Protein chains: 2
Amino acid sequence: MKIKQIGGEFALIGKIRKNTRLYSKDAIVGIGDDAAVLKYDKKNFLLFTTDMLVENDHFSLKYSTPCQIGMKAMEQNVSDIAAMGGLPKHAVVSLALPNDIDVGFVDNLYKGINEKCKRYKISVVGGNITHSKEIVINVSMLGLAEKKYLALRSKAKIGDLIFCSGDVGKSAAGLELLRNGMKGGSVKPHLEPKSRLELARKLVKTGVNSMIDVSDGVASEVRHICSESKVGALIYADRLPISKTTADDSKKLKKNALDFALYGGEDFELVFTASKNKLKQLKKMDVSAIGEIVGKKNGVKLVKDNKKLSLGSGFDHFKRLRV
Amino acid sequence: MKIKQIGGEFALIGKIRKNTRLYSKDAIVGIGDDAAVLKYDKKNFLLFTTDMLVENDHFSLKYSTPCQIGMKAMEQNVSDIAAMGGLPKHAVVSLALPNDIDVGFVDNLYKGINEKCKRYKISVVGGNITHSKEIVINVSMLGLAEKKYLALRSKAKIGDLIFCSGDVGKSAAGLELLRNGMKGGSVKPHLEPKSRLELARKLVKTGVNSMIDVSDGVASEVRHICSESKVGALIYADRLPISKTTADDSKKLKKNALDFALYGGEDFELVFTASKNKLKQLKKMDVSAIGEIVGKKNGVKLVKDNKKLSLGSGFDHFKRLRV
């Protein structure tokens, strides 16, 4: 049986999770959130996450500079730590490189990594280098979250409003432009995505109930929150924050910007839920209310043109062509 | 310039290390040991390590079962934690898999991972799955080491004896047998290497000055200790622990068992140094005295047939053919 046939990446993760055991009470949250939550000290939890970038799957040397690849490898891990409400601290980096690669590639990749380390005050404390046919970069990151600020996927409550930060769909639109040899404002957000660490910190201080970062599209992230929190959701299609640039680029591509936002991924924005009484405070921030949490039996629905449609799944690495 | 031309994997790591900054006092030891050492609590340090296995470089599906690959992915990280004197606690696992791979492969890979988790009481708390041409498995692991037991590469002292645990060269001999379609007792140690966690704990309680695990051959590990400790070393060729099985298999292969021991790697044994007054206690354990630490200006030498030869480097992923 192929991975696609059992339902793709997330079905496989579900299968793995079922067979995994926690051997210590120090592991507070294991598989199933943006980062693991581990015991640390009286005030803080330790956060532990990992992400892999594979050549021709997550990036192509046709489109990205080595520096941009290094930056992205860091940003996607920072985004995971941000989505937990924490701050990144330490990272280890594994590289697999083809034999004939130029040392300059590694220098520039690390230029990107070190630039992000400086920005976020992250120390690279280890790693390893090995050999492969395609370039692979794996970053694992540790962070700290004050216990009172920890944000999980599993704490959404019925009646919560669902929010999305910044604007979404830009990364997927940018990739589509690149694939078609076209130009547009969405290209840069695809090549140099930025996590929302500062905003995430403001949000947890304001008080959110659940949070996740946008790795695989808003649809997928809302589904994760609902599945972990055992609730349903209504997402209003016309409320999804899509920038004019993304809309224009989508038009150029003869594609639907809403699809990029819902199913595209890698925007590294935040999707979160908060109780209605936080709305006034949240309205002052770079976030949009896009829906609400409802009972589980209602499912996860997209409201479009006054119709309730079933919301599809997000981006799945086993269901699409490579870059 | 190619990686091979600047001196291979370790030269590249040296270059990266030089440009890396530690942004926090919480990072006590960064790049340059088996694991990073981070602040944890009054009694313990947190250890953080990562290792990647790449298909056709670290393993081949011609030789290894998926279960064996999963076990090896865990053992090599446990070995890093062991070499620091600590105990493994939590792991995250990144997988990159070809599109057409069978779900059974992942089930069996995780059978191996979970078997080692059970043995060492390690909790897998996260990970991610993505797509690639070749199978890549990256494990990052956290461990704890009591401050008084922490073993570093950098604390070897002039006059220390150098020891090696168990026997070495078996993994390289086993790989060579497999490559030549031959059988022998070294095949199993290659396919199912075992870290020396229990022994490492005994050693740090006895009192070692420096320690490292055998990932790339004894020569490379002694060189690492010497370079981090700013000392030299004499290794006595006839004292290297080589089992009868490894010697017999080497003979079959018309190869020198000493070369496998010095330059082979992946034995996951321990190389460590301790002051002479520990010899009596250490003699009761599964270790052999193989040399001594001398002043830096003496260099790192192999004593063979009463001649002092310059000791070569260890295994380098950029200097050999694939599996």
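What the table shows:
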quantity: Within a Gaussian network of chain B (alpha carbon springs, distance under 10 Å), most fluctuating of B:R119, B:R223, B:R17; calculated: B:R119
quantity: Segment B:1-154 pair-distance distribution - Cα-Cα, 5 Å bins, rounded %; calculated: 2, 9, 16, 18, 17, 16, 12, 8, 3, 0
quantity: At 7 Å out from Cα toward Cβ: A:K276 inter-copy label distances (nm, ascending); calculated: 8.3
quantity: Length added when fully stretched, A:K155-A:N19, from 0.36 nm per residue minus Cα-Cα; calculated: 46.6 nm
quantity: Amide H contacts under 5 Å for B:F59, placed H, 5+ residues apart; calculated: B:V54
quantity: Aspartates and glutamates whose Cα lies under 19 Å from that of A:K278, excluding same-chain neighbours fewer than 8 positions away; calculated: A:D160, A:E198, A:D286, A:E292
quantity: 20 Å Cα-Cα reach of A:K170 towards lysines, excluding residues that sit fewer than 8 places from it in its own chain; calculated: A:K62, A:K72, A:K183, A:K188, A:K194, A:K244, A:K251, A:K252, A:K254, A:K255
quantity: Under 22 Å from the Cα of A:K297 - lysines, other chains or at least 8 residues apart; calculated: A:K155, A:K157, A:K230, A:K276, A:K307, A:K308
quantity: DSSP bridge pairs, segment A:208-323: antiparallel proportion in percent, nearest 5; calculated: 75
quantity: Exercise: per-residue mean of other protein chain Cβ atoms within 10 Å, B:92-102; calculated: 6
quantity: Partner chain coverage, peptide A:38-51 - average Cβ within 10 angstrom; calculated: 4
quantity: Principal axis box of segment B:152-310, alpha-carbon based, largest edge first, Å; calculated: 44, 35, 25
quantity: Partner chain coverage, peptide A:141-154 - average Cβ within 10 angstrom; calculated: 1
quantity: Net dipole in debye of the protein assembly as shown [+1 Lys, Arg Cβ; -1 Asp, Glu Cβ; about Cα centre; nearest 20]; calculated: 1540
quantity: Antiparallel DSSP beta bridges within chain B, percent to nearest 5; calculated: 75
quantity: Filtered chymotrypsin sites (Phe, Trp or Tyr not before Pro), segment B:24-113: DSSP coil and at most 11 other beta carbons within 10 Å; calculated: none
quantity: Antiparallel DSSP beta bridges within the protein assembly as shown, as percent of all bridges there, nearest 5; calculated: 75
quantity: Estimated FRET transfer efficiency when R0 is 56 angstrom, pair B:N306-A:V303 (beta carbons, to 0.05); calculated: 0.05
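A short reminder: the numbers here are calculations on the coordinates, not readings from a lab. The shown structure was predicted, so the numbers you read here are calculated from the model rather than taken from an experiment. Please note: Cβ atoms are built from the backbone with ideal geometry, for glycine as well, and neighbour counts cover all protein chains shown.
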